[in-house]
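The values are calculated or read from the model by the stated rules, or taken from the named source; none is laboratory data. Just so it is clear, the model here is predicted, and its values are computed rather than measured. We place every Cβ from the backbone using ideal geometry, glycine too, and count neighbours over all the protein chains shown. Ligands, DNA and RNA are excluded from the accessible area calculation, which covers all protein heavy atoms including side chains. Shrake-Rupley method; radii C 1.70, N 1.55, O 1.52, S 1.80 Å.
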Amino acid sequence: MSTGHTPEDPGDRDTPEASVAWPEVWAWAGERLTVAGRGLLLFGLALAGLIQLALLAGALVGSLVLTVRVATTGHRVGALVIGACALVSWLVSPFILRWMRSLAGLTRRVVAQWAKVPIADPYLPRPWATGGSKGPRRRLAWLLTDPATWRDLLWVTVNGLVGWLLALLPAAALVLGLVGIVAPYASGLNRFLIITAAAAVTWKSPNLLRGYGYFARSMLAPTQEAELRLRVQQLAVTRTVALDTGAAEIRRIERDLHDGAQARLVAMGMTLDAAGQIIDTNPDAARALLFEARDASVKALAELRDLVRGIHPPVLADRGLADAIRALSLDTPLRIHLASDLHGRAPAPIESAAYFAVSELLANVTKHAEARQTWIDLRHTDGMLRIGVTDNGHGGADPARGTGLRGIERRLAPFDGVLAVSSPPGGPTAVTMEIPCELSLPKTSSC
């Protein structure tokens with residue numbers, strides 16, 4: 001008996017095997033178009049580099065040609081022209097080289113973002129940063145004596161001659177594929193070969209972009225000698241920072257001892273001396289002085305404990321970083337969510353630096369952020385201790401405005417630690433600290 005319901009024809013349904021995942025197809029096509037567009041922009045950077053090279057060569061070759069012509073003719077007016085051209089070349093060359101350096105720096109940033117190939121900054125620091133004038137002669141000497149300048153010049157030349165081919169291939173493959181599809185004059189076999197070649201290049205276009213990144217890094221990255229020199233300079237700076245920080249910490253401890261516990265201990269000694277002088281003649285007054293001395297000793301002990309906690313908290317030495325931060329969060333008037341994945345102990349100096357960095361961040365959040373909640377995440381991955389502190393405050397934190405973030409950077413610098421801040425207006429504020437270190441196995445008891 002019929003129920004009036006017609007079973008659905010299996011052919012009317014889209015099975016998973018027969019359906020086309022159109023979102024994935026569009027995502028794939030969009031990625032290839034993006035790679036092609038980025039390649040075109042990199043090709044534009046190569047052209048800009050050739051323009052810079054032509055301007056520099058024109059300034060130098062023009063002065064040389066004028067010098068040769070005047071030297072062969074012996075005109076005095078020509079000698080003045082040579083002097084003027086040489087002066088112009090001397091003044092213009094630093095700007096062209098700085099422009100070339102800016103283009104190389106832009107290439108490093110673009111390659112790191114688009115091709116996922118980071119390239120370190122290889123340049124020597126500006127000599128006038130430590131004092132002195134910044135004249136054209138000093139600027140030109142700084143540029144000409146920096147090996148990275150000549151590597152930039154080599155990169156601009158090689159990139160303008162052959163390097164742009166890698167960048168332009170993805171866009172050229174798309175154009176070639178379209179031409180192969182619509183070209184009326186292409187035979188069947190030629191059209192098939194053109195479309196196949198274009199499809200293969202388009203399929204591998206992200207690899208081509210990454211290959212361009214590695215090609216750029218081979219010339220724009222610092223050499224081993226430059227890396228060693230930069231490392232020595234960085235160590236010199238961090239050593240100075242560590243010495244200054246240590247000296248400031250010693251002065252703070254001396255000040256806290258002098259104004260706090262030491263003053264109370266001196267007062268307690270005077271009180272006990274006074275009580276000893278009147279204990280026979282006025283026992284009640286002596287008893288009151290003894291009670292006063294007892295209260296002073298309690299306050300002095302509390303201040304000494306606070307001072308010790310400010311130098312190195314006992315819970316940090318006994319329980320480790322995660323428990324120390326958990327104890328710190330209990331004394332903070334914020335709702336703090338702590339997540340930790342530390343399976344071991346970092347070296348004691350690094351634990352101390354990380355603990356006080358988190359303490360300063362929480363103090364900043366309490367004073368400036370107007371936040372209600374804070375999230376702290378502790379992780380150790382790839383030989384790096386990573387600490388993330390995020391709050392739901394109003395944002396706007398800027399290390400340049402002296403909100404304590406500079407102090408945290410100086411605290412992490414001796415350990416090659418870095419600080420990254422993301423704090424748009426309106427929030428949230430996310431601070432990430434990374435310190436390279438290895439964890440030791442947690443101590444276990446045999447009892």
Inset, instruction - Would you point out the residue of the stretch 329-349, among those that are over 8 Å from ILE376 (Cβ atoms) and among the polar types (S, T, N, Q), that is modelled with the lowest pLDDT? - result: THR332
Legend entry - the stretch 329-344 - residue that is within 23 Å of MET384 (Cα to Cα) and part of a loop (DSSP other than H, G, I, E, B) and, of those, most open to solvent (accessible area, probe 1.4 Å): HIS343
Legend entry - LEU193 farther than 30 Å from ASP121 by Cβ, at pLDDT below 80 and exposed (fewer than 14 other Cβ atoms within 10 Å of the Cβ): yes
Inset, instruction - Considering each of ASP318, ASP280 in turn, give the residue that is closer than 22 Å to ILE376 by Cα and more than 27 Å from the chain's Cα centre (by Cα). - result: ASP318
Legend entry - Every residue from the stretch 125-152 that is open to solvent by 40 Å² or more (accessible area, probe 1.4 Å), assigned to a loop (DSSP other than H, G, I, E, B) and modelled with pLDDT under 80: PRO125, ARG126, GLY132, SER133, LYS134
Inset, instruction - Please indicate, with yes or no, whether at least one residue in the stretch 336-356 is closer than 23 Å to PRO425 by Cβ and in contact with a Leu (Cβ under 6 Å, 6 or more places away or on another chain). - result: no
Inset, instruction - Give the number of residues within the stretch 357-406 that are assigned to a helix (DSSP H, G or I) and either without any contact (Cβ under 8 Å) to a residue 12 or more places away in the chain or open to solvent by 20 Å² or more (accessible area, probe 1.4 Å) (or both). - result: 11
Inset, instruction - Please work out which residue is farthest from THR366 (Cα to Cα), limiting yourself to the stretch 317-337 and to residues that are touching a Pro at 6+ places or on another chain (Cβ under 9 Å) and in contact (Cβ under 8 Å) with a residue 24 or more places away in the chain. - result: GLY320
Legend entry - Residues of the stretch 244-285 that turn out to be surrounded by 12 or more Cβ atoms within 10 Å (Cβ to Cβ) and among the acidic types (Asp, Glu), as a count: 2
Inset, instruction - Return yes when ARG326 is within 30 Å of GLY383 (Cβ to Cβ), open to solvent by 90 Å² or more (accessible area, probe 1.4 Å) and either out of contact with any His (no Cβ under 6 Å at 6 or more places or on another chain) or part of a loop (DSSP other than H, G, I, E, B) (or both) and no when it is not. - result: yes
